[in-house]
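Every number here is computed from the coordinates shown, using simple stated rules; none is lab data. What you see is a predicted model; the values in this text were computed from it and never measured. All Cβ positions, glycine included, derive from the backbone under ideal geometry; neighbour counts span all protein chains shown.
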Amino acid sequence: MPRGQDALRLCAMPLNVRGFEIYSGYFDVSEQTFLVEEIRSCLRAAPLFQPVTPRGNPMSVRMSSAGQFGWVSDRQGYRYEPKHPSGVAWPAIPERLLETWRDLLPTARPPECCLINWYASDAKMGMHQDKDEADMDQPVVSVSLGDEALFRMGNQTKGGKTESIWLRSGDVVVMNGPARRAFHGIDRVRANSSTLLPNGGRINLTLRVVT
């Protein structure tokens, strides 16, 4: 990518909603296509699987990971593991995503996990905190690809007023400071709102520091 485009992008001010920094259109269409191919390569090494909650209820998203660790959920609980449920090592985090982390958060520790969530048109994610990481002072970076999703942002405790925004393909959200501990979720996906993925759906990538 031309460095001039990088400079223009970094000068753009994010939309700040409840401390969540939302970079609209951070990735252009060509970059989104490139990232999809990179993620497909990751999934060939570590295929999507459908996690269940500790109570045994299946989640509506399918997931995998890249990096030193991957996030898993089953009857043993929520946690990070060094290997895919099949026993294979997680693939490396794509360099373009690491570059994004460095661009937006130059002083943060490097991410150790890229959680890959795939949302079908009927999938959603309930309000939750990202709290399985050892160092919650480190940020989380979220990348949206494919169909639009209604992103709900709440508070550091359950309940209270929330705000929502539609995330579009190519958008990036940074959760840092107080927003790092805030509840958030995906209420619904707007089917066929993007042509990036031939069969529709949404890919969400979240970069995290685990240890």
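Taking 8 Å as the Cα distance limit and 6 or more residues as the minimum spacing, I'd like the relative contact order of segment 3-208 as a percentage.
24 percent
Be a star and scan segment 73-115 for residues whose amide nitrogen sits under 16 Å from the point 7 Å along the Cα-to-Cβ vector of ALA134. Flagged as within label range: 79-83, 109-113. For TYR26, TYR78, the sequence from fewest to most other C-beta atoms within 10 Å is TYR78, TYR26.
Footprinting exposure proxy ranking of THR33, THR157, fewest other C-beta atoms within 10 angstrom first, gives THR157, THR33.
Arrange the following residues from fewest to most other Cβ atoms within 10 Å of their Cβ: PHE20, PHE34, PHE183.
On the way: PHE20 23, PHE34 15, PHE183 19.
Least crowded to most crowded, the residues run PHE34, PHE183, PHE20.
Please find the FRET efficiency linking LYS124 to LYS83, where r is the Cβ-Cβ separation and R0 is fixed at 45 Å, and quote it to the nearest 0.05. Once the sixth-power term is evaluated, E becomes 0.95.
Between SER169, SER142, SER30, find the one with the highest GNM mean-square fluctuation for the chain; connect C-alpha pairs within less than 10 Å. Top of the fluctuation ranking is SER30. Between THR157 and ARG75, the modelled labels are 3.5 nm apart [label points 7 Å from Cα along Cα→Cβ]. For THR33 and ARG96, the difference between the fully extended length at 0.36 nm per residue and the C-alpha to C-alpha distance is 21.5 nm.
Separation of segment 145-211 and segment 97-116, taken as the distance between their Cα centroids, equals 17 angstrom.
Note on the chain: GNM, Cα springs under 10 Å; of GLY200, GLY126, GLY146, the largest mean-square fluctuation is that of GLY126. In this rough spin-label picture, where each label sits 7 Å from Cα along the Cβ direction, the ALA45-THR107 distance is 3.2 nm.
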